Structures are given as C-alpha cells and as structure tokens.
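The values are calculated or read from the model by the stated rules, or taken from the named source; none is laboratory data. Nothing here was measured: the structure is a model prediction, and the numbers come from that model. FYI the Cβ positions are ideal-geometry reconstructions off the backbone, even for glycines, and counts take in every protein chain you see. The protein model used for the area step is the full one, side chains on, heavy atoms only, and it has no ligands, DNA or RNA in it. Shrake-Rupley method; radii C 1.70, N 1.55, O 1.52, S 1.80 Å.
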Amino acid sequence: FGMAVLSKEADPVFEQVNPALAAMYGYTREELVGKPLSVVDDHDSQAMARDDREDGDHFVREAIHRRGDGTTFSVLSDMTIVRDGTGRISYRIAYFSDITENKRVRAELLQSEGRFRNMADSLPQLVWTSTKDGATEYLNDRWARETGISLDETEGQGWTFFLHPDDRESCGEKWTRAIRTGEVFEAECRLR
C-alpha cells in the first residue's frame, strides 16, 4: 500500500511518498512530492484539512481517487493527524490502498449470493447454510413456510433447533463427523 507524509496546510501537500504510492497514482516520487492531495482527491483533501473532525484525528474511509492519467480507482484512505504539544497540526500521515479488485470481487460475490438465494428460494426442498459450528446463516423461503420459524428467530440456536428432540443427537453426531472428515452430511430426521 502507499504511504505518505502530508503537510499541515488546509490543502495538504505530499511531503514524502513511498514508491508504492507513486506507482499506484502513476507518478514518480519526484512528481508527486510537493503536489497537494487535491490532485488525487478533492474530498480526502477537504476531510484532512478539517481541524474539528467529529471522529478525532484518525479516520478511515473509502474514496475514489484520480491517477496521473486521469483514470479513477477505489481507495481505502487511512489518515492520522499528528499534533504538537499545543494541539496544532504538525503534519499528517496517510496510508492508501487500491481496493478496486476487492470491490469488484465483493460485487461479484453479492451477485452470486443473490443468484444462489433466488435459486434456493424457488426449490421445493428445504435449503439452509450454516457455519461449521452449526450456526445457521441462511434458510430458504420453504423453511419458513414448513416450520413457521424465520432465520431471525433461530439466532444463536443453530440448525438443530428445527429437529425433533429425539433426532438431534444422531444428526449432530453425523454433522460433526462430516465436518471432521469432509464426508457428505446425510441424515434422515423429523422437523419441528
């Protein structure tokens, strides 16, 4: 990730930058040093210039920054204002990470999850997902119709909450074995 030391002025200036930061923005270090932060992002520049931040002298936010060639990309900005003994701003330290790929992957994951939920909700079978410790993460619409219980109502209960009490132990053992060995989990049981 890119690191920079920025000046105390209202429009902070890059005083020092590491090679990763210069490369991320499409500049050499020499080209970027002395330029104001507003060259890459007006909003971060304005946020850093404020001396009365409600969130204190450290803040993290996502932003859209500009490269030297004019293209834009998603950035996670992590900035800290450093003050002298009297409380005046001495300089600022900032870390910038290009999160374009992370955001693309997150968007694809959300889209894929949406397709999975649409497919699972249209099936006539009961579909659920859970963590390996059994905490329920998802129940398709059929679960709510069959059991009369929503995912919110199962919070902290785990998927065995739906099982008939006489079937919980044997299903739990099969579940544990499947998690431990990687076997397919298959069990016949009664639902409440």
In whole Hz, what ³J(HN,Hα) sequence does the stretch 93-101 give by Karplus (6.51, -1.76, 1.60; θ = phi - 60°), x for Gly and Pro?
10, 9, 10, 10, 10, 6, 10, 4, 5
Degrees, to the nearest 10: 168-181 long Cα axis against longest axis of the chain:
50 degrees
Could I have the simple spin-label model distance between Tyr138 and Asn102, label points 7 Å from Cα toward Cβ, reported in nm to one decimal?
2.3 nm
Using θ = phi - 60° and the Karplus curve 6.51 cos²θ - 1.76 cosθ + 1.60, what whole-Hz ³J(HN,Hα) does each residue of the stretch 20-31 get, with Gly and Pro shown as x?
4, 5, 4, 5, 4, 8, x, 10, 7, 4, 5, 5
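Quantify, in whole percent, the carbon and sulfur part of the accessible surface of the chain (1.4 Å probe; protein heavy atoms only).
Values: 5910 of 11750 Å².
Answer for the chain: carbon and sulfur cover 50 percent of the accessible area.
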Solvent exposure of the chain as accessible area per residue, Å², 1.4 Å probe:
61 Å²
Compute the length gained on full extension between Asp152 and Arg117: take 0.36 nm times their separation in residues and subtract their Cα-Cα distance, giving the result in nm to one decimal.
11.0 nm
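What percent does the relative contact order of the stretch 64-192 come to when contacts are Cα pairs within less than 8 Å and at least six residues apart?
Working: 137 pairs, mean separation 16.3, N = 129.
That works out to 13 percent.
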Paired Rg and Dmax values of the chain, which use every Cα atom, in angstrom:
26.1, 73
Would you mind computing the Rg to Rh ratio of the stretch 68-111 from its alpha-carbon coordinates, Kirkwood style for Rh?
1.24
